[in-house]
1. Which strands (runs of 3 or more DSSP E) sit wholly inside the stretch 93-198 and have at least 3 residues that are in contact with a Leu (Cβ under 9 Å, 6 or more places away or on another chain)?
2. Are there any pairs, at least 6 apart or on different chains, whose C-beta atoms fall under 7 Å, with the first in the stretch 413-432 and in contact (Cβ under 8 Å) with a residue 60 or more places away in the chain and within 27 Å of Leu363 (Cβ to Cβ) and the second buried (at least 20 other Cβ atoms within 10 Å of the Cβ) and of a type in the set (Phe, Trp, Tyr), and if so, which?
3. Mind listing whichever residues of the stretch 306-331 are hydrophobic (A, V, I, L, M, F, W, C) and either in a loop (DSSP other than H, G, I, E, B) or under 17 Å from Gly94 (Cβ atoms) (or both)?
4. Go through the stretch 364-457 and tell me which strands (runs of 3 or more DSSP E), entirely inside it, have 2 or more residues that are among the polar types (S, T, N, Q), modelled with pLDDT of 95 or more and out of contact with any helix residue (DSSP H, G or I) (no Cβ under 8 Å at 6 or more places or on another chain).
5. Is it fair to say Asp224 is out of contact with any Leu (no Cβ under 6 Å at 6 or more places or on another chain), modelled with pLDDT of 95 or more and buried (at least 23 other Cβ atoms within 10 Å of the Cβ)?
6. So which residues in the stretch 45-60 are without any contact (Cβ under 8 Å) to a residue 40 or more places away in the chain, surrounded by 16 or more Cβ atoms within 10 Å (Cβ to Cβ) and part of a loop (DSSP other than H, G, I, E, B)?
7. Tell me, which residue of the stretch 179-221 that is at pLDDT below 95 and small (Gly, Ala, Ser) is surrounded by the fewest Cβ atoms within 10 Å (Cβ to Cβ)?
Amino acid sequence: MGPGAPSEVWRYRAELLKGPKNTVSENPDSYLGPTIRLRRGQTVKIHIHNELPEDTTVHWHGLHVPSDVDGQPRLPIRPGETMTVGFEVLDRAGLFWYHSHAHGKQGGRVGFQSYAGLAGLLIVEDEEEADLKLPSGDNELLLVLQDRTFAGNNELVYLGRGMGSMMDRMHGFLGDRVLANGAPPTTRKVATRPYRIRVLDGSNARIYKLAWSDGRPVTVIGADGGLLQEPEDRPYAVLAPAQRLDIWGDLSEFQPGDTLELISDRFRAGMMSGGMMDGMGMMGSNALPLGSRFPLARLEVSKSLKASEPLPAQLGVQRQKIPVNRNTRIRSFELSPVMMRGFAINGRRFDGTNVADDEKVRLGDTEIWEFHNSTPMPHPMHIHGLQFNVVGRRGGNSDSLQQGLVDSGWHDTVLVMPRETVQVAMKFERFDGLYIYHCHNMEHEDAGMMRYFQVQS
């Protein structure tokens, strides 16, 4: 990332054997894996060859796929082996991603392998979205946000030593610089028109508070599961690890030479950093603590255009929320620390494919899952194999970020703030089998905050 030899990374490479030419787009100046574009209803076959020195997997994050192709830890790809997976693209248009989900003999490897470079974007398209004629092509800006630490001759550093390592594992790893698409934030030349800015938080643990540098509202048009029903204007938008947001960035009123920055704005993170002094981060050990202010992308207007299509008031066909009532089953999950051992869900740490009786659900059932966070740290909870609706929050100390939590629409990851309880509604459709649910703070899931659940037909 500076003078010297390139950083050593692990990365995905891809070759299109058959299909539309735009299916695979390499990112030649980045360690990120290629961007994959799929169509709803399309059948996909992928051959995954492991050239790494250890087991790995590829998890298709957010996609509704059979459990055997979900890229779970129970189905590792050994060094030198090839695994072929196939599935139909069932999800509506949206921004997804793929990343390692390995858990080997030495414990969880999600944090390390994803940090080393095993991640990439996956975009699903469909006719419903195409009919809206939203900005596309050069007018669609993709941003993968990740924080990294470099030392010596551009060497990636993951986890600290001694007390630093313990704090990194407890709170989640924070790098000392933020990268956008695998490189330091850069200036993008733009025109006087609207842009669709699609953002993934691909960091191990960092939460971003997305805002515009001039204080204008952030117009959110999409979340994990695709477009919202209608645009939402917010003073800022919160993005937790693994979450995605689509933002409408309208520069129609600007003039050539004007600039606008997308930033991560400052927020109070004392309690979320384990109760340490606000602004000091992980016991003051990190040069870029959680809650810092820093740039993400700089837009510079270089061209003037005539008026473009306005933002639609309605974003697509009505997608009914999952119906719930007083008879809907509620399952409760307590998120808690385990002294000197990591984290647990309902007092249980990751235990391979072992499933407790209260982790077995029926195919076709609708349930509410209630996550109660009894820790002083936030936990972005991810459920494999489906999308859900956020139906309620209570408690917590999220005042510093409350206005930016985008709970409308469809999600696969929800941020549960310290001392907060969050309810999500979901329906177990189409596929039975074993799936996992876990905190997407990668150090937390590697430390045990991950469990299997079983969908029974």
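1. Hits in the stretch 93-198: 94-99, 119-125, 140-151, 177-180, 187-191.
2. Within 7 Å, the pairs are Val416/Phe371; Ala425/Phe388; Met426/Trp369; Met426/Phe388.
3. Within the stretch 306-331, Ala307, Leu311, Ala313, Leu315, Val317, Ile322, Val324 qualify.
4. 366-373, 420-427
5. Yes.
6. Across the stretch 45-60, the qualifying residue is only Asn50.
7. Of everything passing the filter in the stretch 179-221, Ala183 is surrounded by the fewest Cβ atoms within 10 Å (Cβ to Cβ).
The values are calculated or read from the model by the stated rules, or taken from the named source; none is laboratory data. Quantities reported herein were computed from a predicted structural model and do not represent experimental measurements. Please note: Cβ atoms are built from the backbone with ideal geometry, for glycine as well, and neighbour counts cover all protein chains shown.
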